[in-house]
Amino acid sequence: MISTRLSTAFFILFLAAILTTGIFWLFLSDRHGFTAQDEPLIAEIINREFRTGDIIFPAPDWDIGFTRYLRDGITDISYTLDAFTKEELSDLNNNGVNFLWFVVDGEDRWADIRGRFGLTEHGRFAAGDALIVKAQSAGDAVAKLFDFVDDLALAKEVYFADANGGKEPCVWERERWQCGRQEWTYVGPQRTLMAGRWQRANWAHPRTERTLHVVFENTVGATALILGTSFLERAYREKEGQPVRVAVTADGKELLRYDNENIKKLYRSRVALPEGAKMIDLSFWVKFDGARHFVFNGYLGK
Amino acid sequence: MTLARFDRWDWIASLVIALAVLLAVMFTSHLVGLVRDEGFYMRTAETTADYIQFSIDSIGRGQFTEPFSKKTITRFFEFNSEHPTFVKNLFGLSHFIFYKKLQWLSFVNSIRLVAALFAAATAFLIYLFGRLFFSRMTAIAAPLFFFMMPHIFFHSHLACFDIPILFFWSGTFILFAIYLVNRSRWLALGIAIFLGCAMATKHNVYFIPPLLLLIWLAMHFVSYRSLEARHKGFLGFFRAVPLPFWFMPVVSLPVFFISWPWLWYDTIKRFGNYLAFHAYHVHYTNYYFGQELSSPPFPFSYPWGMTFFTTPVPQLVCFFAAVTLFLYWLFGRGRTPVERHVGAVLLAGALFPILLISMPGVPIFGGIKHFFTGQPILVTAGLAVVLNGAAELSRRWPKIKEQTAQGIVIAAALLALITPNAKFVMHGAGFFNDLIGGAQGAAENYMQRNFWGYDILPLCRVLNAVAPRGAKVYVMSYFEGLNWNSFLYLKKEGFIRNDIQGTNELRDADFAFFFYEKQNENVLYDLYREFGTARPLELSETDSVYFSALFGRVK
């Protein structure tokens, strides 16, 4: 056996471990999060105050017990607050969202969130020990006029084009542009994770050596365009997945072109539109379409 | 170094402890849902049981060669041929006897019985190790202590290879250490047979022979001056090679080959496919301190950090104590060559599995089950050090007898471990210790807390209560949710009502299971939108941290 001193030291460490294990698992392991008593109170406030277009951020995001009491129809809940930067949260707020609701387990956590994201408080509600805060991000230079997700139905034209100029038009049905018989060939809104961040975005799975065009008419006199694109997790998990070539043109003039690589990344671009720009064409092309789970969002603004 | 005698009382005590472990595992089986891998292995158990029936029928008809023909072997052993069949054969045999013939056990338990038997065998192995190298008190306490680690107890239930390979991995090193002390020829042969069974269980153990050989070579040349004359020189070198190494190629390889009928035909091609499958294994996403680990290189710290944070703290202290002891045996002043050799062997057996997974290209998706194989060695030796410390203190304070002091400490430790084990009996794979803040601390740090759809039983109870006849439930198979076979077996076992149908299309579903994994949160958002609600019908939680949920469509 080892020296007396060492084995005695391990014995004392062991005694300490027994003590801390006993105390922690009996009294301390469930000390954070929302209490069972507070959960209905939290839901009651949200059920009353939440409006369509708002987003709820629970913090901590691992305790969702209060959702048991939510009314039907409240589905915009994001569990990805930690993934956002201040700029991205601001963009999300501008992207058709009215208010951000923070369901937090204490004042300290709220102070941390408010400081990190530069939020402006618009109201607060106590629910036992929990706190529900209605807030907005500090704002963005571009004011949203036309949202690519909310206003997708207003797209002028959605179609796949082949290399010879052939067109396969998509038709609007069941709240999305259906582009063929296969289930995945459509352009339609969803709530999803773009590089780990909750977003409302349009599913736009491209097809092999065809270009997907989503054309919007600039009826709102926008002078700027914000575009976000990303692969979903299922796509970049495929090691050999092909990039998607993204291009934006205004009345035929190219404003933006890049390759959305097969990685976990939210590509976010802001481009100025030429004065009087009418037709904005977002196009997506891929060499091979295997598992190219691809989404985009963004808006036209000033 | 001498080994203690393993007497009649030791046989009684070790078998009683092994039986207690077996019963504890079997009586809690109904609390543990079917993990993804069980979906595959339970299906192979069915086909193996069919093969046994087919063989009996063929032999009964006088067609003695039919069970061994290429056509028959391909028919019954092609499925899941990427894994050897030793344990799967046992799954099938147990299923055949206890479910199909005797009907003593349910479908699931007839297969899981094999895992429970391996857990019991591990308890015996730990007792043996503790008794021969340390003390009877260590031998009695160490198995109890080992199975009060939530990850270990959880995996002991599963009809998978993880506890069997843990038994074989630790067993090979322990038996080799015993051999180094007693030099028994029968034990040398036993080690080779044991290794053959280990190879036929999982490929982890392929590393053992080269590792043991390297250690022996190092020990041989380091202690060359003190070797007996007959072990010196060129011929002496071969005389000095431990007997198990001679047996391994001639005994272990045939055992491996005989146990796996799939290799009896097209051997080279099929064995090549098997190696290729594991050499180029796909990677599945795993979260570690908020990092999404979906493809290599993986952080070196991953298996060390996971071991540190997923082992209950008392056992963790034992791990450190064990490593210190082995290092002392290996490098301590005045140690004999045998002690140094035993120290090196046990150190390698304990830590090599973790070191291997530290390599940046090695798949990590299975979490700690892929590198906990050396933990029986760590717990036992570490506990011996701790109990030695208790004995030292009682010698200084003679009012308390040595064994009383040790008994009190062990009882206190087991008592402290009851609560975490009770809390995590259903979520054992999601256990994190108090050093990270338990389940809440781990969730706050974005550690992986769920793995492929096992946490389902509380959801099934609610589903059965509320689902109308013929309802469809989304099982999330495409997104690391429930394995389709597991869904079918849950129905077969009666956990899910037989009229409820499964689907992998949310659009078709009336209900949906959601199994939390960070990278699959998008499924939750799709589900909210499709069902028109974020309100779960049931949540499966521990310490307010949710693991999985059941939803019902409202639109």
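The values are calculated or read from the model by the stated rules, or taken from the named source; none is laboratory data. Quick caveat, the model's predicted, so the values are computed rather than measured. Heads up, the Cβs are rebuilt from the backbone with ideal geometry, glycines too, and the neighbour counts pull from every protein chain shown. For accessibility, only protein heavy atoms count, side chains too; no ligands or nucleic acids. Shrake-Rupley method; radii C 1.70, N 1.55, O 1.52, S 1.80 Å.
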Largest-first ordering by accessible area, 1.4 Å probe, given options B:137, B:359, B:447: B:359, B:137, B:447
Along the dipole axis of the stretch A:62-129 (charges at Cβ: +1 for Lys and Arg, -1 for Asp and Glu; origin at the Cα centre), the most positive-end residue among A:80, A:92, A:117 is A:92
Exposure ranking of A:44, A:233 by accessible area [1.4 Å probe, largest first]: A:44, A:233
Note down the magnitude of the dipole of the protein assembly as shown about its Cα centre, charges +1 on Lys and Arg C-beta and -1 on Asp and Glu C-beta and zero elsewhere, to the nearest 20 debye. 3160 debye
Using only the Cα atoms of chain B, construct the convex hull and provide its projected area averaged over every direction, in square nanometres to one decimal. 29.1 nm²
Please work out the C-alpha center-to-center distance from the stretch A:121-179 to the stretch B:219-254 and express it in whole Å. 73 Å
List the trypsin sites (Lys or Arg not before Pro) within the stretch B:183-285 that fall in a DSSP loop (any state other than H, G, I, E or B) and whose Cβ has at most 15 other Cβ atoms within 10 Å. B:183, B:232
Work out the mean other chain Cβ neighbour count within 10 Å for the residues of A:79-87 and drop it here as an integer. 2
With axes computed from alpha carbons, what is the tilt in degrees of helix B:185-199 against the longest principal axis of chain B, rounded to the nearest 10 within 0 to 90? 20 degrees
Could you give P(r) for the stretch B:282-338, binned at 10 Å from zero, as whole percent values over all Cα-Cα pairs? 19, 32, 24, 19, 7
Could you tell me how far the Cα centroid of the stretch B:344-370 sits from the Cα centroid of the stretch B:90-140, in Å? 24 Å
Rg from C-alpha atoms of the protein assembly as shown, normalised by the globular rule of thumb 2.2 N^0.38 Å, equals 1.07
Rounded to the nearest 500 deg cm²/dmol, what is the calculated helix-only ellipticity per residue at 222 nm for chain A, with -39500 (n - 2.57) per DSSP H run of length n ≥ 4? -5500 deg cm²/dmol
Cβ neighbours within 10 Å from other chains - mean over B:294-306: 1
How much area per residue is accessible in the stretch B:210-336 when the probe is 1.4 Å and only protein heavy atoms are counted (Å²)? 51 Å²
Greater than 31 Å separation of Cα atoms is the criterion. Which listed pairs, A:239/B:491; A:239/B:518; A:144/B:472; A:86/B:472; B:423/B:492; A:86/B:369, meet it? A:239/B:491; A:144/B:472; A:86/B:472; A:86/B:369
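Could you put B:32, B:250 in order of accessible surface area, largest first, with the 1.4 Å probe and the full protein assembly present?
Descending order: B:250, B:32.
Probe radius 1.4 Å, ligands and nucleic acids ignored: give me the carbon and sulfur share of the accessible area of chain A as a rounded percent.
Answer for chain A is 51 percent, counting heavy atoms of protein chains only.
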Please list B:54-64, A:101-111 highest first by mean number of surrounding beta-carbon atoms within 10 Å per residue. A:101-111, B:54-64
Could you derive backbone 3J(HN,Hα) for the stretch B:87-100 from the dihedral phi with the Karplus parameters 6.51, -1.76 and 1.60 (θ = phi - 60°), listing whole Hz in sequence and x where the residue is Gly or Pro? 6, 5, 4, 5, 4, x, 5, 5, 4, 4, 6, 8, 10, 6
Cα long-axis angle, helix B:457-466 against chain B (0 to 90 degrees, to the nearest 10): 20 degrees
Straight-line reach only, C-alpha to C-alpha below 24 angstrom: list the lysines that residue B:71 could link to, leaving out same-chain residues fewer than 8 apart. B:88, B:269
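Given the peptides B:290-303, B:518-531, B:146-159, A:8-21, arrange them by the average over their residues of other C-beta atoms within 10 Å, most packed first.
B:146-159, B:518-531, A:8-21, B:290-303
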For chain A, the longest principal axis of the Cα atoms and the Cα long axis of helix A:107-117 enclose an angle in degrees, to the nearest 10, of 30 degrees
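Given the convex hull of the Cα atoms of the stretch A:1-97, what is a quarter of its surface area in nm²? Provide the component values of the computation, followed by the final result.
Numbers: hull surface 42.0 nm².
Averaged projected hull area, Cα only: 10.5 nm².
For the B and A pair, go ahead and give the buried accessible area with a 1.4 Å probe, both sides summed, in Å² to 100. All intermediate terms of the calculation are to be shown ahead of the outcome.
Values: alone 23890 and 15660 Å², together 33800 Å².
Buried area between the two chains comes out at roughly 5700 Å².
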Counting each DSSP H run of 4 or more residues in chain B as -39500 (n - 2.57), what helix-only mean residue ellipticity at 222 nm follows after dividing by all residues, to the nearest 500 deg cm²/dmol? -18500 deg cm²/dmol
For the stretch B:72-202, the Cα convex hull volume per residue in Å³ comes to 132 Å³
